[in-house]
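Reviewing the structure listed below.
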Amino acid sequence: MNQPNRNRKTSATSKSKPGGKNPTSKSRPPMEKRAQKPKSAAGPAKPARPAKTPKANPDEIRLNKYIANSGICSRRDADIYIQSGSVRVNGEAVTEMGYKVQPGDVVVFDGSTIVPEKKEYFLLNKPKNFTTAGEDEPGMRNVAELIRGASKAKLQPVGRMDKNTTGLLLFTNDTDMIRKFSLPGQRSGKIYQVTLDKNLKFEDLEKIAGGVTLDGHKLYVDEISYVEDQPKTEIGLKLRTANVKVVRSIFESFGYNVLKVDRVAFAGLTKKNLPRGNWRPLTDQEVINLKNL
């Protein structure tokens, strides 16, 4: 009867001894030490982070990204141009990799000032009663309303269109392309479908095909024909000039009133799958084609 009591006492005593050989009590200090090590190691690393990546100016941007955002080339190619000395910032050549452009800096690439805005291109099928000069004409609506949701970039129409002219109108923030298609002597053709108030005489069609003199200047017509399966008031006309007003002037000089002008093709771009009043972005290949014209 006394033996069980002794066992209970011995068991209780061994648990309560502070210096007892209890593996559980002996393993606690090392566990606590191990838990503290990562904390002490992580502690000094935190303040070191901001020192490595200081946020001096949230608006600064790496020079190679600045160039890439302008739509000239990729970042990798931009690094090559930077190393070759083709890039100047505020008048000085910069060859340093990782150089950061600050707000207000002027970056010149191969002699031309660039801006960090990706070039964008959109094609609109313009309806009637919208003009490219709406602000100057009371009561007229501007084509900018139709393209407003396409991009946050400042898009401009390539060329002009009055309220009665419909069809394809290119928009972009690429000033070089706008300038290119505004110059005389272009190689790119524009095709118009023209509706007249009366049938176009065949002899007049032939005269127009040979070229027309307007305001003392000879205008050459690439192609002119009757529209197939349509009345002879419907005429197809291909010109290289970017001036839409010339289309009306050609027929008016022969005594015809022009009821409607619709641009159905512009430098290889067509109205296919583009309803009136709608717009779409150009594909990469279409942009390349335009630049190569």
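Each value in this text was obtained by applying a stated rule to the coordinates, not by laboratory testing. None of the values given here were measured: they were computed from a predicted structure. Positions of Cβ are generated from backbone atoms using ideal geometry, with glycine treated the same way; all protein chains shown enter the neighbour counts.
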Net charge of neighbours whose Cβ lies under 13 Å from the Cβ of residue 254, counting Lys and Arg as +1 and Asp and Glu as -1: -1
Aspartates and glutamates whose Cα lies under 13 Å from that of residue 271, excluding same-chain neighbours fewer than 8 positions away: 262
FRET efficiency for residue 148 and residue 179, using Cβ-Cβ distance with R0 set to 25 Å, rounded to 0.05: 0.60
When each of 218/260; 126/207; 207/291; 100/180 is checked by Cα-Cα distance, pairs over 27 Å: 126/207; 207/291; 100/180
Nonlocal amide H pairs with residue 214, under 5 Å, H built at 1.01 Å: 219
Surrounding net charge for residue 226, when Lys and Arg each add one and Asp and Glu each subtract one, Cβ distance under 13 Å: -4
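For the stretch 155-220, just run the numbers: alpha carbon Rg, then divide by 2.2 N^0.38 Å, N being how many residues it has.
On the way: Rg = 15.2 Å, N = 66, 2.2 N^0.38 = 10.8 Å.
It is 1.41.
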Qualifying trypsin sites (Lys or Arg not before Pro) in the stretch 249-293, DSSP loop, other Cβ atoms within 10 Å at most 10: 272
